[in-house]
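Please treat every number below as a calculation from the coordinates, not as lab data. The structure presented is a predicted model; accordingly, all values stated were derived computationally and were not measured. Cβ atoms come from the backbone with ideal geometry, glycine included; neighbour counts cover every protein chain shown.
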Amino acid sequence: MCGIVGYNGFRDADKVLIDCLKRLEYRGYDSAGIGVIGKKLQIFKDVGEISKLEQKIPHIDGCIGISHTRWATMGAVTKENAHPHLSGNKKIAVIHNGIIENYKKLKEELEKQGVKFRSQTDSEIIAHLIEKNYKGNLEDAVCSALKKLKGSYAIAVICEEEPDKLVGARNESPLVVGVGDNENFLASDIPALLKYTNRMIFINDGEICVLTKNSVKVFNENKKEVKKKEELIKWDIKDAEKSGFPHFMLKEIYDQPDTINQAVRGRISEIERSINFPDNVERLLNNDLGSIYIVACGTSFYAGLVGKYLIEQLTGIPVFVEIASEYRYFGTRKETSLVIAITQSGETADTLAALREAKNAGCKTLAITNVIGSTATRIADGYILTQSGPEIGVAATKTFISQIIVLFLVALKIGSIKNEIGSDESYQYMRHLRDLPKQVRAILDRSDDVIDIAKQIKNSKSVFFIGRGINYPLSLEGALKLKEISYIHAEGFAAGELKHGPFALLTKNTPVVAIVTKDFTYDKMLANIGEVKARGPEVIAIADEDDTEIDKHADFVIRYPSNSTMLSCITITVLLQLLAYHVANLRGCSIDKPRNLAKSVTVE
Amino acid sequence: MEIQKDMKCVVLAAGEGKRMHPLTFTRPKVMLPVAGRPVLEWNLLNAKNAGLKDFIFIIGYKSEMVRNYFGDGKKWRVNIEYINQGKPLGTAHAIGMIEHFVNDFIVLCGDTIFGKNDIKNIMKKGMKIGLVEVENAKEYGIVELKEKKISRIHEKMEEPSSNIINAGIYHFNKKIFNFIKKTKKSPRGEYEITDSINMLLEKETIDSIFLKEWRDVVYPWHLIDANEEILKKINKKIEGKIDKNTTIIGNVVVGKNTRILAGSYIEGPVIIGEDCKIGPNCYIRPYTSIGNNCHIGNACEVKNSIIMDHSNMPHLNYVGDSVIGQNCNLGAGTTIANLRLDKNNIAVILNGKKIDSKRRKLGVIMGDNVQTGINSVINVGTIIGNDTLIGLSANVEGEIQPKTRVL
């Protein structure tokens, strides 16, 4: 995820561009850059946060320009890889947010034609493609160049030869136009622009927009002009960074359909029915693995537990999930094992220590992380990025989901390498993955049901979560989310374990959330619910939307859409997040910054 | 009189007006209504009557409200362009933005009401600054003079050296922009036009013009004074429907579709907007402005107050020396005190700070969307934030934050 801004007007472009960019910092902050046309096109970029760039940058005269804040997904965090990217003749500058899937092929083609690349990014090819197609009209060149691209993009382009024109385009990455007086803007989202204007035009996938100082024109792929309506945004600037959501956590919960797309993007080829990872990762997975260890802390540990079920089901390899701070001192290390370290930040001290121990003992090591260039990516033999963008709420939501998706892809990959699953089966899973964002969106659209349930449990002293199989780690995660933001005591249990102790704690005032899927343990779960109810608590069931039986057993039911038992873990997680959020909100808790907690724990 | 043809009038209208809370939580300062129109509209009308036709409004805080109300200016037969200030970085920053759009131009602060003749005088050839003499110059920037020419201009100071202050209206030409570019941030972190002017004064001379009419509104209760001042000049105009057995004395304006029901006793000067229902049996006393779609019902008395659109005092209410926001509803029997028993000046707590209003009579300053319960009592000088509910028989005083429930 990256943030982009474009400006064409009467003010000093550099000041406006950096000012707006600061409000996009949540979208990434590993490097930043700016390009302005004054007498000629000048760019300035560097590694580091926007405020660092602001201090170093000299004033560039000019009233039109583009700026970018980067969160690397391809190519390391270096000055060369920062945006804007220039075309070969240095007359066209491009900024890009998204992932170009066919960049390898395009890059090879361009290199054959003699194009020299300055960076390792997929984004640079866009600048070269536009130059190749430039015949005196920038939007035509952009239009022709985009026809060759596959993947997601929001771009902004300026060209020295046409210093009155700013061109933008989008496909599956966000882009809005801000309409001002004698000035117009482009940005990844609304908050970046609110200080300057609250009149917005929303650009759709496949559309190209051309901004002059006094006009905004929008075209479709076929260069036909599209009539667009201005929308008036009424948020306060305070609320704006959260895109109108009251908390970052809720915003991030609602980001999750996109998060899923991001985690999958470029890794699935439905035509070839294959999962693709970087070569070194594929080599790691293509070993005769005797066992897999997953080491992690906190929410990542629970993602690991979910991963255990997914990998064991799809590959037959035994998986052990270990808490990193335990594994580093007490874990067993075999050279035939693969050790997967999961850490959102890539800097979690305990996980890094465990990873080093494993590597020193000769294990193969793989890191799953959200941050390119982080310590975890440097220690491990290979790494897979979750590509979920920065997460601001302390309670992990979208990064948990994307970790699970990545683990699922790893499971599919190993499963097909080992011939445990055939290509038909893996194609089924790919299709289910494709439908997943839609299902999550459906849940988010009906979140009122969850609010009703939240009202039921907001005054409880203690809440239990139970589930079997893959739903057991989800119970743990559901309980963790609830306790960390609402301060209600919550515990997750394997449903069969209740009677071996926790029963003693059940009273009328300890509601139990039971996660039920229609698999071979369904009847057992109904029996467990019966046992619970006999002790007095109210039971809230989280169940499949086709499950008609459950209403007879539970007091309240929240439904999730599902097409695959294995991937229902994602939709259920979203429900659990919403439940925790709404309970905490009703209790008036500080949701984005719970007491005593920090986003990433870099001490042991 | 010689006026340059392309002279534009630049109106500074970007400010939030924190000292005008709670009324400015829901509107920009320039949209505060006085005598039935926003402060900015009075300025627009006076400037238009002085001969100006081309306006640039510099907007920022809640800019859409200004834009929606004034549009392109056709309704007033003038041209209005807008510039969004973006960051509120001070007056020099605001004026600096319009460099490419003007030659000779007038700048006026949109939240101060200037008179037509004064604007005309300022428009005469040469750079000028408008001045006024006030009793307490603490809240304003002092101006030093040398034989009618300005020699230096200051920002607010604790112990002002004279009573002559900068009124907030200027006539500039292109030269000012050179100095705006050189202006550095002031100690309070803004680019002040006064700093630019002082630099300009080292090279050029600026004439002074003493203003005859000038009404500054700093705190909410100043709206009541401004309202009174404008109402003194209105003429009688009845467009609504007046029932039999009503009494209307003096200059009273009644808008279209408004009905005045039997038993109403209205003593001008009073302005009543459109689509209102007044009466039966109410008493409206001088210097009262009532917005559109309001209802003043049976046994209600209103005096020296501003009632904004869509607000009701339906039965058994007394409202004196007050400002009532939009969409408010007073429960039956809600009364507002406006005079201390010891007859001393009334102090107000605004944004947590105690301020002497210098008024012996002051009722309530009520934000938008406030509802009061029956028989609630509001003490003198109370500030009530927007979207607040006051319970039945509640007794309120001091400063009440927006979105509060008082039970």
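Under the criterion of Cα pairs below 8 Å and six or more residues apart, the relative contact order for segment B:230-406 equals 12 percent. The GluC sites (Glu not before Pro) of segment B:123-162 meeting both criteria, a DSSP state outside H, G, I, E and B (loop) and at most 13 other C-beta atoms within 10 angstrom of the site's C-beta, are B:Glu135, B:Glu147, B:Glu158.
Straight-line reach from B:Lys174: which aspartates and glutamates fall under 15 Å, measuring Cα to Cα and dropping same-chain residues less than 8 apart? Excluding near neighbours in sequence, the set is B:Asp6, B:Glu99, B:Asp104, B:Glu204. Using θ = phi - 60° in the Karplus curve 6.51 cos²θ - 1.76 cosθ + 1.60, the 3J(HN,Hα) couplings for segment A:532-544 round to 5, 4, 4, 8, x, x, 7, 10, 9, 9, 9, 9, 4 Hz; x is entered for Gly and Pro. Under a plain spin-label model, where a point goes 7 Å from the Cα along Cα-to-Cβ, how far apart in nm are B:Leu89 and A:Asp164? Placing both labels 7 Å along Cα→Cβ, they lie 2.7 nm apart.
One Cα centroid belongs to segment B:27-58, the other to segment A:145-185; the line between them spans 38 Å.
Going by a ≥ b ≥ c, the root eigenvalues of the Cα gyration tensor, does segment A:320-461 fall in the rounded group (a/c under 1.5), the prolate group (a/b larger than b/c) or the oblate group? In terms of gyration-tensor shape, oblate.
Where the centroid of each part is defined by its Cα atoms, how far is segment A:446-461 from segment B:289-350 in Å? One Cα centre to the other: 42 Å. Residue-wise HN-Hα couplings along segment A:286-298, as the Karplus relation 6.51 cos²θ - 1.76 cosθ + 1.60 with θ = phi - 60° gives them from phi, are 8, 10, 7, 6, x, 7, 10, 10, 10, 10, 5, 10, x Hz; Gly and Pro carry x.
Which entries in the list A:Lys104/A:Lys147; A:Lys398/A:Lys483; A:Lys458/A:Lys508; B:Lys185/B:Lys354 go over 20 Å, if you measure between the two C-alpha atoms of each? Could the numbers behind the result be given before it?
Details: A:Lys104/A:Lys147 16 Å; A:Lys398/A:Lys483 18 Å; A:Lys458/A:Lys508 14 Å; B:Lys185/B:Lys354 30 Å.
Among A:Lys104/A:Lys147; A:Lys398/A:Lys483; A:Lys458/A:Lys508; B:Lys185/B:Lys354, the Cα-Cα distance tops 20 Å for B:Lys185/B:Lys354.
For a test of the definition: using alpha carbon positions, the gyration tensor, and the 1.5 limit on a/c, classify the protein assembly as shown as rounded, prolate or oblate. Here the protein assembly as shown falls in the oblate category. Close amide H contacts of A:Ile203 (hydrogens built in the peptide plane, cut-off under 5 Å, sequence separation of 5 or more or a different chain): A:Leu175, A:Val177. For the segment B:67-73, counting C-beta atoms of other chains within 10 Å of every residue's C-beta and taking the mean gives 1. Placing dummy labels 7 Å off each Cα toward the beta-carbon, the span from B:Asn298 to B:Glu135 is 4.4 nm.
Computed on segment B:8-218, with alpha-carbon pairs under 8 angstrom and 6+ residues apart, the relative contact order is 23 percent. Between amide H atoms placed 1.01 Å from N, distances below 5 Å from B:Asp387 occur with B:Asp368, B:Asn369, B:Val370, B:Lys403, all of them 5 or more places distant or on a separate chain.
Applying a DSSP loop filter and a limit of 15 other Cβ atoms within 10 Å to the GluC sites (Glu not before Pro) in segment A:271-360 leaves A:Glu272, A:Glu335.
On the beta carbon distance between A:Arg333 and A:Asp523, with R0 = 30 Å, the FRET formula returns roughly 0.15.
Within 10 Å of each Cβ of B:57-63, how many other protein chain Cβ atoms are there on average?
Numbers: counts 1, 0, 1, 2, 1, 3, 5.
Mean shielding by partner chains, rounded to a whole number: 2.
The calculated FRET efficiency for B:Leu145 paired with A:Lys56, based on their beta-carbon distance and R0 = 51 Å, is about 0.65.
Which of the trypsin sites (Lys or Arg not before Pro) across segment B:300-396 are loop residues per DSSP, with 11 or fewer other Cβ within 10 Å? Answer in residue order: B:Lys343. List the pairs from B:Lys236/B:Lys277; B:Lys233/B:Lys256; A:Lys15/A:Lys195; A:Lys79/A:Lys251; A:Lys79/A:Lys107; A:Lys15/A:Lys234 whose alpha-carbon separation is above 23 Å, in the order I gave them. Pairs exceeding the cut-off: A:Lys79/A:Lys251; A:Lys15/A:Lys234.
Checking the cross-link pairs B:Lys125/B:Lys181; A:Lys45/A:Lys227; B:Lys18/B:Lys148; B:Lys232/B:Lys353; A:Lys39/A:Lys228; B:Lys75/B:Lys232 against a 27 Å limit on the alpha carbon distance flags A:Lys45/A:Lys227; B:Lys18/B:Lys148; B:Lys232/B:Lys353; A:Lys39/A:Lys228 as lying beyond it.
Amide H to amide H, with H built 1.01 Å from N, A:Glu322 comes under 5 Å of A:Ile294, A:Val295, A:Ala296, counting only residues 5 or more places away or on other chains. Between segment A:293-337 and segment B:254-285, the alpha-carbon centres lie 79 Å apart. By the gyration tensor of its Cα atoms, with a ≥ b ≥ c the square roots of the eigenvalues, what is the shape of chain B: rounded for a/c under 1.5, prolate for a/b over b/c, or oblate? Prolate.
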